[in-house]
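Notes for the one structure printed next.
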């Protein structure tokens with residue numbers, strides 16, 4: 001028997017063309033089996049593009065959450081779930097003859113090559129070495145594609161073309177505003193945006209007073225609330241704040257504080273429905289103070305300039 005140890009498995013071993021192809025082919029075969037009319041999964045067989053779309057969106061958000069948590073194992077799993085969604089749609093496209101997985105893969109590869117002449121072509125401009133220049137080139141390519149699509153559809157192109165209706169409303173508002181800003185339709189600075197937000201608050205208040213708390217809400221109130229949210233997105237953009245990220249952080253903060261309130265009530269054998277708003281507010285303020293306490297302790301532990309010996 002040879003004393004030479006067996007070769008160790010390395011992650012790179014799975015990244016050969018053959019290994020990658022085997023992994024994709026296996027997944028495609030699994031999906032085809034799940035959708036096979038004879039012996040497939042009843043639930044998978046009932047699905048359509050429309051019913052699967054919400055799962056696709058949900059899986060994309062779970063990928064983003066794994067990235068925010070900096071959890072590589074979870075990210076690998078969530079990317080697999082998202083890839084399954086692509087394969088699911090591709091299988092249904094294959095069944096109705098509109099497209100298949102290879103068409104999806106070839107299409108995105110062709111698009112990346114087309115949009116990167118600095119890498120795959122003979123473009124010797126600044127885009128070859130500058131990320132900002134590459135972004136400008138990318139946007140120019142996308143604009144040309146949108147214009148060509150509009151002409152093919154027999155309609156006038158718009159700078160707002162391509163901002164997907166299915167985006168979350170907050171994100172879509174930001175994208176619409178950024179597109180309009182490219183052609184100069186934007187506030188000159190942040191000061192009038194503050195005024196616009198206050199104006200929209202006043203209009204919401206006026207509409208709500210006129211509607212007298214109808215149930216369901218008066219359409220005018222809904223419209224004014226929408227205008228207020230749109231103005232808040234504009235303000236966030238002018239302040240350099242990503243509105244989706246800001247609201248996500250606010251959601252997390254609310255969740256942590258409310259759970260603190262629930263824990264405090266539970267520890268004292270009480271229920272939120274029985275203690276009244278005043279006590280809930282007191283516990284809420286306690287939760288807020290608890291958030292700042294670790295920072296205050298850390299700050300008190302920092303040496304003052306005179307204590308460092310480096311005056």
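With the condition kept exactly as written, say whether any residue in the stretch 94-105 is within 30 Å of residue 233 (Cβ to Cβ) and surrounded by 11 or more Cβ atoms within 10 Å (Cβ to Cβ). Walk me through how you get there before you give the answer.
Let us first name the residues in the stretch 94-105 that are within 30 Å of residue 233 (Cβ to Cβ), namely none.
No - not one qualifying residue is present in the stretch 94-105.
Restricting attention to the stretch 124-143, does a residue exist that is modelled with pLDDT of 85 or more, over 27 Å from the mean Cα position of the chain (by Cα) and either surrounded by 15 or more Cβ atoms within 10 Å (Cβ to Cβ) or more than 21 Å from residue 56 (Cβ to Cβ) (or both)?
Of the residues in the stretch 124-143, the ones modelled with pLDDT of 85 or more are none.
Within the stretch 124-143, none of the residues are modelled with pLDDT of 85 or more, over 27 Å from the mean Cα position of the chain (by Cα) and either surrounded by 15 or more Cβ atoms within 10 Å (Cβ to Cβ) or more than 21 Å from residue 56 (Cβ to Cβ) (or both).
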- Item | Count of the stretch 19-38 residues which are surrounded by fewer than 10 Cβ atoms within 10 Å (Cβ to Cβ) and either modelled with pLDDT under 70 or touching a helix residue (DSSP H, G or I) at 6+ places or on another chain (Cβ under 8 Å) (or both) | 1
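Is it the case that some residue within the stretch 264-284 is modelled with pLDDT of 90 or more, closer than 24 Å to residue 68 by Cβ and touching a helix residue (DSSP H, G or I) at 6+ places or on another chain (Cβ under 8 Å)? Give the steps one after another, and end with the answer.
Within the stretch 264-284, the first condition is being modelled with pLDDT of 90 or more, and the residues that meet it are 264-270, 275-284.
With closer than 24 Å to residue 68 by Cβ added as a condition, the list becomes none.
Scanning the stretch 264-284, I find no residue that is modelled with pLDDT of 90 or more, closer than 24 Å to residue 68 by Cβ and touching a helix residue (DSSP H, G or I) at 6+ places or on another chain (Cβ under 8 Å), so the answer is no.
Criterion first (closer than 25 Å to residue 83 by Cβ and more than 28 Å from the chain's Cα centre (by Cα)) does residue 120 satisfy it? Steps first, please.
Values: closer than 25 Å to residue 83 by Cβ: yes; more than 28 Å from the chain's Cα centre (by Cα): yes.
Answer is yes for this residue.
Of all residues in the stretch 186-200 being part of a helix (DSSP H, G or I) and touching a helix residue (DSSP H, G or I) at 6+ places or on another chain (Cβ under 6 Å), which is farthest from residue 234 (Cα to Cα)? Lay out the reasoning, then the answer.
Step one: list which residues in the stretch 186-200 are part of a helix (DSSP H, G or I), which gives 191-200.
If we keep only those that are touching a helix residue (DSSP H, G or I) at 6+ places or on another chain (Cβ under 6 Å) as well, we get 193, 196-197, 200.
Numbers: 193: 7, 196: 9, 197: 9, 200: 12 Å.
Taking the candidates together, the pick is 200.
I want to confirm something. Restricting to the stretch 168-185 and keeping residues that are assigned to a loop (DSSP other than H, G, I, E, B) and touching a residue at least 24 places away in the same chain (Cβ under 8 Å), which single residue is surrounded by the most Cβ atoms within 10 Å (Cβ to Cβ)? Talk me through it step by step, then tell me what you get.
As a first pass, look at the stretch 168-185 and keep what is assigned to a loop (DSSP other than H, G, I, E, B): 168, 183-185.
Adding the requirement that they be touching a residue at least 24 places away in the same chain (Cβ under 8 Å) leaves 168, 183.
Working: 168: 13, 183: 8.
The selected residue is 168.
The values are calculated or read from the model by the stated rules, or taken from the named source; none is laboratory data. Everything numeric in this text was worked out from a predicted model, so none of it was measured. Positions of Cβ are backbone-derived with ideal geometry, glycine not excepted, and every protein chain shown enters the neighbour counts.
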